[in-house]
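Visitor: Got a structure for you, written out below as structure tokens; questions coming shortly.
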Amino acid sequence: MVSVIIVVRNAEKNIIACIDSVLNQFKEGEQWELIIVDGLSVDKTRKIVIDYLKQKNILYRIENNPQKTLASGWNKAIRLAQGEYIVRPDAHAELLEGYIKVGVEYLRKNDAIAAVGGTLITKANSVIGRMIAIVLSNPMGVGRSLFRIGVTKDTYTSTAVYAVYRKSIFNIVGGFNEKLNRNQDIELHQRIVKAGYKFLTSARMKAIYHSRTTFYKFLQQGFWNGYWIIKSNSFHINHLIPLIFVLSLIMSYLIAPFLFYAILLFHLVLGFIAFIWKSKVYSPLELIILESLAISLHLMYGVGSLYGLIRLPF
């Protein structure tokens, strides 16, 4: 049996598309359940979900999440789940055909794998959102985040997006850390790796991710991701590159201003090369926008990490 868990709060715009993508994963008669945990939404999310699921002949339950955090919602759903496998899509995501089936196949074949995830097709509706989506799918924006930039073959990784987990792994390493507001999955996945298990990113599994659609929300997300990666104490060296970038800018500006401009110029040239290498169809204006978004993301992530570093003792 498979348990699909979705934690939501104020997701009225995306939740039905997410649920539909889950429903399309299963054939009639297959054993599965849907658990939705609502963080006391103040929009119409809960009503929309209830009205929609009443029309479907599936096993489902809707629970409340008074803490309103992702980690508390996930942990509650995991405790309630009856399935041998647990799938954890976000409310703003859509799983493409066969996503869950392929993930379960891998887990049944290899006991050393704790979870399997796919790669993201990043989309957005606004003009700036589409530029943000490009940045979040390019190594210049997200480094070696394979589930974002894509893989051409199945690859062992240190994490997995919208993962299909063995439920038993949560009995071994525990659940999500409810003290963290972000990066809870990274911290959990690090514990799983330390316990000797593997993650697989499959080229056969695809999901649609709807990125932020405004510049402000994009920067806000970058800042808090940078902050919580430090607070979680579950980072890899790649996560520290934006922090190193920000510290380099600060030190060079104070000690040797010409180095400050040299570092910015290097980032600019590297960005243009990265975006052109990925796709040669961008106009000069688009390249400027993409590089501006990339450097803004790195600065905000790095500043967030610096703030997290300063706040560590508190």
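Bear in mind these aren't lab numbers, they're just calculated from the coordinates by the rules spelled out. Just so we're clear, the structure is a prediction, and the values are computed from it rather than from any experiment. We place every Cβ from the backbone using ideal geometry, glycine too, and count neighbours over all the protein chains shown.
Visitor: Which of the DSSP-defined H helices in the chain satisfy a minimum axial length of 18 Å, computed from C-alpha atoms, and a minimum mean Kyte-Doolittle hydropathy of -1.0?
Guide: Helices meeting the span and hydropathy rule in the chain are 215-231, 241-255, 257-278, 284-311.
Visitor: Ok, one more. Given 0.36 nm per residue, what is the gain on full extension from residue 286 to residue 111 after removing their alpha carbon distance, in nm?
Guide: Taking residue 286 through residue 111 to full extension adds about 58.4 nm, to one decimal.
Visitor: Right, next: Students often get this wrong, so check it: of 44/109; 13/101; 123/167, which have C-alpha atoms separated by over 32 Å?
Guide: The answer is 44/109.
Visitor: Provide, as a two-decimal number, the C-alpha radius of gyration of segment 135-290 over 2.2 N^0.38 Å, N being how many residues it has. Each step should come with its number before you reach the end.
Guide: Numbers: Rg = 18.1 Å, N = 156, 2.2 N^0.38 = 15.0 Å.
With N residues counted in segment 135-290, Rg over 2.2 N^0.38 Å equals 1.21.
Visitor: Let me ask something additional. When only DSSP loop residues count, what GluC sites (Glu not before Pro) in segment 13-93 have their Cβ near at most 12 other Cβ atoms within 10 Å?
Guide: On the way: sites: 28, 30, 33, 63, 84; in loops: 28, 30, 84.
Filter output for segment 13-93: 28, 30.
Visitor: May I ask what percent, to the nearest 5, of DSSP beta bridges between residues of the chain are antiparallel?
Guide: Once the DSSP bridges in the chain are tallied, antiparallel ones form about 30 percent.
Visitor: Let me ask something else. In the Gaussian network model of the chain, springs joining C-alpha atoms below 10 Å, which of 38, 90, 111 carries the largest mean-square fluctuation?
Guide: 111
Visitor: Once the piece of chain linking residue 248 and residue 20 is laid out straight, how much longer is it, given 0.36 nm per residue of separation minus the C-alpha distance between them?
Guide: 77.4 nm
Visitor: Next question, about the same structure. Mean-square fluctuation check for the chain, GNM, Cα pairs under 10 Å: which of 46, 88, 79 is largest?
Guide: Residue with maximal mean-square fluctuation among 46, 88, 79: 79.
Visitor: Under Stokes-Einstein, with the Kirkwood radius over Cα pairs standing in for Rh, what whole-number D in µm²/s applies to segment 110-209 at 25 °C and 0.890 mPa s?
Guide: The diffusion coefficient I find is 170 µm²/s.
Visitor: Taking only DSSP H segments of four or more residues, each worth -39500 (n - 2.57), what value at 222 nm results for the chain once the sum is divided by all its residues, to the nearest 500 deg cm²/dmol?
Guide: -15500 deg cm²/dmol
Visitor: Starting from the amide H of residue 32, placed 1.01 Å from N in the peptide plane, find each other amide H under 5 Å away whose residue is 5 or more places distant or on another chain.
Guide: Amide H neighbours of residue 32: 2.
Visitor: Taking only the alpha carbons of the chain, what extent do you get along each of the three principal axes, in Å, biggest first?
Guide: Dimensions of the chain along the principal axes of its Cα atoms: 66, 44, 42 Å.
Visitor: Normalised by the number of residues in segment 216-311, what is the relative contact order in percent for Cα pairs under 8 Å and 6+ residues apart?
Guide: Computed over segment 216-311, the figure is 60 percent.
Visitor: How would you rank 186-196, 245-255, highest first, on the average number of other Cβ atoms within 10 Å across their residues?
Guide: Taking the mean over residues of other Cβ atoms within 10 Å, the ranking is 186-196, 245-255.
Visitor: Moving on to the next point. Rounded to a whole number, what is D in µm²/s for segment 1-93 from Stokes-Einstein with the Kirkwood radius over alpha-carbon pairs (4 °C, 1.567 mPa s)?
Guide: On the way: Rh = 13.1 Å.
In µm²/s, the coefficient rounds to 99.
Visitor: Determine, at each q value in 0.17, 0.19, 0.24 (inverse angstroms), the log₁₀ of I(q)/I(0) that the Debye formula gives when each Cα of segment 66-124 is one equal point scatterer.
Guide: Here log10 of I(q) over I(0) equals -0.74, -0.89, -1.15.
Visitor: My understanding is that a pair violates if its Cα-Cα distance is over 30 Å; which of 153/278; 27/206; 47/231; 47/153; 194/217 do that in this structure?
Guide: Over 30 Å Cα-Cα: 47/231; 47/153; 194/217.
Visitor: Using a Gaussian network model of the chain with C-alpha springs under 10 Å, which one of 227, 301, 216 is most mobile by mean-square fluctuation?
Guide: Maximum among the listed residues: 216.
Visitor: Pop a pseudo-label 7 angstrom from the Cα along the beta-carbon direction at both residue 279 and residue 259 and give the gap in nm to one decimal.
Guide: Roughly 3.7 nm, to one decimal.
Visitor: Sequence-distant or interchain residues sharing an amide H contact under 5 Å with residue 122, placed H: which?
Guide: 209
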